[in-house]
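Chemist: Below is one structure. I have some questions about it.
The values are calculated or read from the model by the stated rules, or taken from the named source; none is laboratory data. What you see is a predicted model, and the numbers here were worked out from it, not measured in a lab. As a convention, Cβ positions derive from the backbone with ideal geometry for all residues, glycine included, and neighbour counts pool all protein chains shown.
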Amino acid sequence: MQLHSPAKINLYLYVTGKRPDGYHNLCTLMCPVTLFDTIDLEIGTGKAGVRCAAPNVPEDDTNLAWQAATAFFEGRQRLTGHPSESIRITIHKQIPVGAGLGGGSSNAATILLGLNRWFGNLFSKDDLNRMGRPIGADVPFFILQRPALATGVGDKLQPVDQLVPYPILLVYPGIHVSTVSVYKNLNLGLTKKAKGHRSFCFRERNAVRDLHNDLETVTTTRHPEITVVKESLLRHGALGALMTGSGSAVFGLFNHEVDAQRAFHSISQHTDWKLFLVEMIH
């Protein structure tokens with residue numbers, strides 16, 4: 001079975017407070033985009049394990065896709081009494097690692113959804129969310145498979161529709177960023193608090209004024225090249241540009257696809273950054 005696992009961008013991200021458990025509360029508008037990892041899934045062949053040729057992706061039980069498969073089979077055994085089956089997961093990475101694009105969480109969600117289909121939809125999406133939430137805060141978002149306003153640690157979701165379908169140019173400058181380190185160095189006193197649920201912001205053409213990421217200052221202080229990426233996107237016609245998640249990937253929103261394509265060709269000729277022309281998934 002072959003599965004496709006999408007990336008995400010954060011159209012805005014506000015950190016609204018720190019929790020007693022050490023995590024942070026967020027208010028963020030997330031949107032899946034058409035940049036995919038491909039996952040080959042072999043079930044019941046006697047072969048087991050997880051493989052990925054990309055650097056910085058573990059091939060042991062710390063891999064989030066493997067954890068998702070384990071959680072699914074444990075849930076299936078509790079429900080039906082059937083023991084786990086051998087499973088082999090091969091991940092072909094296109095989503096850069098350590099870029100704020102949610103690749104690991106997306107892989108986990110895709111495994112849960114794929115296994116659930118394979119075994120006749122044993123579980124509801126709420127059931128899958130309960131399996132996925134301990135694996136990663138973004139896993140429920142990727143199970144939802146559509147734009148959403150996320151609050152709490154990012155796991156409380158309100159689906160959002162009718163977003164303006166901006167063409168997007170996504171740029172990865174080749175910098176691996178530790179999400180844990182970014183949050184550890186965040187000064188909450190300097191962040192702007194979100195004013196209520198702002199899910200309507202990106203339903204209008206002038207929505208780029210609402211692009212915001214509280215984590216950007218932390219990451220750009222350590223990696224000034226991210227600011228260079230933003231400036232390059234704006235100089236090449238982006239209506240707005242923003243770092244996604246904890247970085248280091250940056251996206252630019254464009255008026256028309258031809259503008260995004262023109263920027264892609266121009267920027268790619270003068271840098272060694274990885275560039276991806278993508279669309280929002282609604």
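Chemist: Tell me which helices (runs of 4 or more DSSP H) are completely within region 184-276 and hold 2 or more residues being modelled with pLDDT of 95 or more and of a type in the set (Gly, Ala, Ser), or say none if there are none.
Modeler: Working: elements: 216-222, 225-235, 257-268.
Result: 257-268.
Chemist: I would also like to ask the following. So which residues in region 81-97 are closer than 24 Å to GLY120 by Cβ and at pLDDT 95 or above, if there are any at all?
Modeler: We begin by selecting, within region 81-97, every residue closer than 24 Å to GLY120 by Cβ; these are 81-90.
GLY81, ILE87, ARG88, ILE89, THR90, listed by residue number.
Chemist: Consider ASP21 against the criteria (1) outside any strand (DSSP E or B); (2) more than 23 Å from GLY247 (Cα to Cα); (3) in contact (Cβ under 8 Å) with a residue 24 or more places away in the chain: it satisfies all of them except one. Which criterion is unmet?
Modeler: Single failed check for ASP21: (3).
Chemist: Within region 86-143, count every residue that is under 19 Å from the mean Cα position of the chain (by Cα) and part of a helix (DSSP H, G or I). Steps first, please.
Modeler: Within region 86-143, the subset under 19 Å from the mean Cα position of the chain (by Cα) is 91-114, 125, 128-143.
Going one step further and asking which of them are part of a helix (DSSP H, G or I), we end up with 103-114, 125, 128-132, 139-143.
So the count comes out to 23.
Chemist: What number of residues within region 1-50 satisfy the criterion of being within 11 Å of the chain's Cα centre (by Cα) and among the small types (Gly, Ala, Ser)? Explain how you work it out, then say what you get.
Modeler: Residues of region 1-50 within 11 Å of the chain's Cα centre (by Cα): 5-10, 30-33, 35-36.
Next, only the ones that are among the small types (Gly, Ala, Ser) stay: 5, 7.
Total satisfying the criteria: 2.
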